[in-house]
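Okay, so here's the structure we're looking at.
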Amino acid sequence: MTETNQLAEDLQFVRKAVEARDKPVGSSNVHLIIWALYCLVCIPTYDFLPRYGKPINFAGVIIAAVVSAILGRREGMKAGQYDRAALVRTYLHFYGGVVLIISTMTGLCLLNPGAADQLMGQISVILVGFMYYFGGLHIPHVKFMRWIGPIIIAAGVGLSKVPHYQWTVMGCVYAACILSPVIFGRRNSVQH
């Protein structure tokens with residue numbers, strides 16, 4: 001009888017583990033809020049504090065990335081679902097993408113000192129849009145980025161047509177796109 005009870009307990013444990021794995025884990029969307037705050041606070045500094053815009057944005061990206069990574073890891077551990085390979089792919093895509101964009105823009109500025117800041121800004125926005133779009137294609141838990149990527153690309157292309165406060169407008173576009181899963185509910189939300 002003891003062996004039968006042990007088998008029943010083992011099967012129950014396995015069943016609960018499979019149910020926990022298969023049920024959608026509600027994300028707190030804390031990452032989206034962190035990055036939206038970065039967009040609303042740091043990006044407008046290019047308009048209001050142009051002299052300090054670059055260092056403020058650089059510091060903001062680092063702070064948002066570290067806080068987002070720490071909270072994301074904690075959230076994954078708490079949920080009991082920690083897929084190291086998926087996490088590495090996500091980090092390589094987004095954090096690696098940011099490093100590549102910054103490196104690209106730095107290289108372009110150094111090799112083309114006469115290039116307009118406006119054009120360089122537009123190129124960086126367009127690159128971010130592509131990063132989001134391809135993230136939405138290849139990373140299941142951010143599939144909403146399939147449609148916000150093209151919106152951000154279009155905003156980057158049209159940025160020069162905004163007469164005043166271009167970067168404030170762009171920060172608001174980024175924030176609205178990033179927060180779309182929160183705004184429009186669970187249907188399009190981020191799932192981990």
The one condition in (1) over 16 Å from the mean Cα position of the chain (by Cα); (2) part of a helix (DSSP H, G or I); (3) of a type outside the set (Ser, Thr, Tyr) that Arg51 fails to fulfil:
(2)
Among the aliphatic types (A, V, I, L, M) and within 18 Å of Leu37 (Cβ to Cβ): is that true of Ile139 in this structure?
no
Looking at Ile148, is it in a helix (DSSP H, G or I), of a type in the set (Val, Ile, Thr) and farther than 20 Å from Ile34 by Cα?
no
Would you please name the residue that is farthest from Ala59 (Cα to Cα), looking only at residues in the stretch 75-84 that are in contact (Cβ under 8 Å) with a residue 40 or more places away in the chain and in a helix (DSSP H, G or I)?
Ala79
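Hey, can you tell me all the residues within the stretch 100-116 that are assigned to a helix (DSSP H, G or I) and exposed (fewer than 12 other Cβ atoms within 10 Å of the Cβ)? Let's see the steps before the verdict.
Initially, the stretch 100-116 is screened for residues assigned to a helix (DSSP H, G or I), giving 100-111.
Across the stretch 100-116, the qualifying residues are Ser103, Thr106, Gly107, Leu110, Leu111.
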Within the stretch 132-145, work out how many residues are surrounded by fewer than 20 Cβ atoms within 10 Å (Cβ to Cβ) and in a helix (DSSP H, G or I).
7
Looking at (1) of a type outside the set (A, V, I, L, M, F, W, C); (2) modelled with pLDDT under 95; (3) surrounded by 13 or more Cβ atoms within 10 Å (Cβ to Cβ); (4) within 26 Å of Tyr165 (Cα to Cα), can you tell me which one Gly72 breaks?
(4)
Among (1) within 15 Å of Cys172 (Cα to Cα); (2) modelled with pLDDT of 95 or more, where does Ile33 come up short?
(2)
Going residue by residue through the stretch 85-94, is there one that turns out to be touching a helix residue (DSSP H, G or I) at 6+ places or on another chain (Cβ under 7 Å), within 21 Å of Leu179 (Cβ to Cβ), touching a residue at least 12 places away in the same chain (Cβ under 8 Å) and assigned to a helix (DSSP H, G or I)?
yes
Matching residues, the stretch 56-69, being surrounded by fewer than 16 Cβ atoms within 10 Å (Cβ to Cβ) and at pLDDT 95 or above:
Ala59, Ile63
List pairs: first in the stretch 1-26 and in a helix (DSSP H, G or I), second at pLDDT below 75 and aliphatic (A, V, I, L, M), Cβ under 9 Å, 6+ apart or cross-chain?
Ala20/Ala79
Give just the number: which of (1) assigned to a helix (DSSP H, G or I); (2) under 25 Å from Phe184 (Cβ atoms); (3) touching a Phe, Trp or Tyr at 6+ places or on another chain (Cβ under 7 Å) does Ala65 not satisfy?
(2)
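The values are calculated or read from the model by the stated rules, or taken from the named source; none is laboratory data. Computed from a predicted model, the values in this text were never measured in an experiment. Positions of Cβ are backbone-derived with ideal geometry, glycine not excepted, and every protein chain shown enters the neighbour counts.
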